[in-house]
Amino acid sequence: MSRQIGLSEGCLDALQHLKETREVNTVILRLGDAPNVLEKEVEGNLTHEELIQALPGDQARLVVHELSFAAPDGARRHEQLLILWMPAAAEEQEEAYTAGYTALKEHLVEVRVHLTARQADQLAYRRLVALAG
């Protein structure tokens, strides 16, 4: 059974801010109180460590994060990532968040790096850079 997930107005606004400004590099989304709607939980300029700390250990989340890094030639690069955060304790949320992940992939066609992380070490900075680079 396929679920349709919508994006709230606050979610859409946060994603637009991420595209348009350098003041925001991370948007964390959760399924809201309204059925089948993604809502903004966090919108900010987070360091890698702050991003990891913002993810709950027992609940799923969707993350759009602009990763900044140096390319092998030394040039500064920025790459947006779409992350499905799915810790083991959130297994019952997997179907709904996977549907949200699919909806975000369709909405964010310019994002080319997609990943699912089940534990924090899968979001290690060097691993993210390798995926983006």
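The values are calculated or read from the model by the stated rules, or taken from the named source; none is laboratory data. Model, not experiment: these values are computed from the prediction. Every residue, glycine among them, receives a Cβ derived from its backbone with ideal geometry; neighbour counts consider all protein chains shown. Ligands, DNA and RNA are excluded from the accessible area calculation, which covers all protein heavy atoms including side chains. Shrake-Rupley method; radii C 1.70, N 1.55, O 1.52, S 1.80 Å.
Numbers for the structure displayed
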{"item": "Global form of segment 63-133, assessed from the alpha-carbon gyration tensor, a/c cut-off 1.5", "result": "oblate"}
{"item": "Förster-model FRET efficiency, 30 Å R0, H48 and E95, C-beta, rounded to 0.05", "result": "0.55"}
{"item": "About the Cα centre, charge dipole magnitude for segment 24-133 (Lys/Arg +1, Asp/Glu -1 at Cβ), debye", "result": "440 debye"}
{"item": "For segment 5-46: rounded, prolate or oblate by the Cα gyration tensor [a/c cutoff 1.5]", "result": "prolate"}
{"item": "Portion, in percent, of the accessible area of the chain that falls on carbon or sulfur, probe 1.4 Å", "result": "47 percent"}
{"item": "Label-point separation in nm, E39 to S8, each point 7 Å along Cα→Cβ", "result": "0.3 nm"}
{"item": "The chain - accessible surface per residue (Å², probe 1.4 Å)", "result": "54 Å²"}
{"item": "³J(HN,Hα), Karplus 6.51/-1.76/1.60, whole Hz, each residue of segment 54-63, x for Gly, Pro", "result": "6, 8, x, x, 10, 9, 6, 8, 10, 10"}
{"item": "Which of I28, I52 is most accessible, then next, and so on - probe 1.4 Å", "result": "I52, I28"}
{"item": "Rounded to 5, the percent of DSSP beta bridges in the chain classed as antiparallel", "result": "75 percent"}
{"item": "Hull volume in cubic angstrom per residue (convex hull over the Cα atoms of the chain)", "result": "103 Å³"}
